[in-house]
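Take a look at the structure below.
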Amino acid sequence: MTTLLLIDCQKDFHPGGSLPVPNSDEDAERITNFIRQNASSIHRIVATMDSHHPLHIAHPSFWSDGQGNRPNPFTVISMEDIVAGKWIPREDIKPSSREALFIEEEIVAGEGGKMPSDLHSVDDNGNKKLNVKQWCIEYTRRLEAKGRFSLMIWPEHCIVGTEGHNIVPSIVNAMMDWSRQTGGSVEWVLKGQNLLTEMYSALCAEVPVTKDTSF
């Protein structure tokens with residue numbers, strides 16, 4: 001069985017989008033031609049989509065300097081910056097109604113050892129509340145310890161429901177024609193919706209926090 005895996009072929013990563021990648025239009029043309037020229041030999045197409053909310057940990061609106069200023073895109077925020085109060089995360093971040101928790105403690109503990117004791121508090125009604133600053137300190141510590149990435153602030157991109165989230169038209173048209181020709185259906189994999197971690201990989205978050213973000 002031949003599977004074609006397409007990673008984040010979305011408008012925001014192309015010229016005119018909020019986070020364009022060099023030569024992405026040329027890549028889209030090559031992908032489109034490949035699908036059309038090899039449709040009968042492709043048995044399966046899996047396409048990932050970067051899928052974010054505005055208040056993501058790597059977006060400017062998640063942070064401020066305490067004076068109302070947001071970090072500019074491509075600012076690097078270190079663990080030391082957060083500890084020192086140079087950049088302060090929003091404490092009013094809430095999971096959507098579809099998410100019971102941002103963080104599953106057994107996943108976080110299994111990935112990086114002991115959970116910080118002050119990561120959660122309990123309010124007067126017995127509801128568990130995440131200490132967002134403590135999580136951001138822990139997150140950047142784990143991220144930096146892996147030695148692959150630091151926390152980079154990106155322009156808002158691939159926001160679910162926006163034009164930039166969509167697949168480039170030439171590629172999606174080729175995929176739909178492949179579906180009509182072969183009887184197959186594209187398998188869509190959305191990644192990046194958890195606000196508190198990043199998923200550069202389609203398989204696993206850089207710092208897994210839930211079963212959905214771990215491999």
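The values are calculated or read from the model by the stated rules, or taken from the named source; none is laboratory data. These numbers were taken from a predicted model, which means no experiment stands behind them. Positions of Cβ are generated from backbone atoms using ideal geometry, with glycine treated the same way; all protein chains shown enter the neighbour counts. In case anyone asks, the SASA skips ligands and DNA or RNA and just uses the protein heavy atoms, side chains included. Shrake-Rupley method; radii C 1.70, N 1.55, O 1.52, S 1.80 Å.
Set side by side, the residues Arg180, Arg148 differ, and just one is basic (Lys, Arg) and modelled with pLDDT of 95 or more, which is Arg180.
For segment 1-45, the tally of residues that are open to solvent by less than 20 Å² (accessible area, probe 1.4 Å) and of a type in the set (Val, Ile, Thr) stands at 4.
Scanning segment 137-189 for residues that are under 21 Å from Arg70 (Cα atoms) and among the β-branched types (Val, Ile, Thr) yields a total of 4. If the condition is being closer than 18 Å to Trp188 by Cβ and either exposed (fewer than 15 other Cβ atoms within 10 Å of the Cβ) or among the polar types (S, T, N, Q) (or both), then segment 46-70 contributes Val46, Thr48, Ser51.
Scanning segment 71-91 for residues that are touching a Leu at 6+ places or on another chain (Cβ under 8 Å), open to solvent by 50 Å² or more (accessible area, probe 1.4 Å) and under 13 Å from Met152 (Cα atoms) yields a single hit, Val76. Scanning segment 71-93 for residues that are basic (Lys, Arg) and at pLDDT below 95 turns up just one, Arg90.
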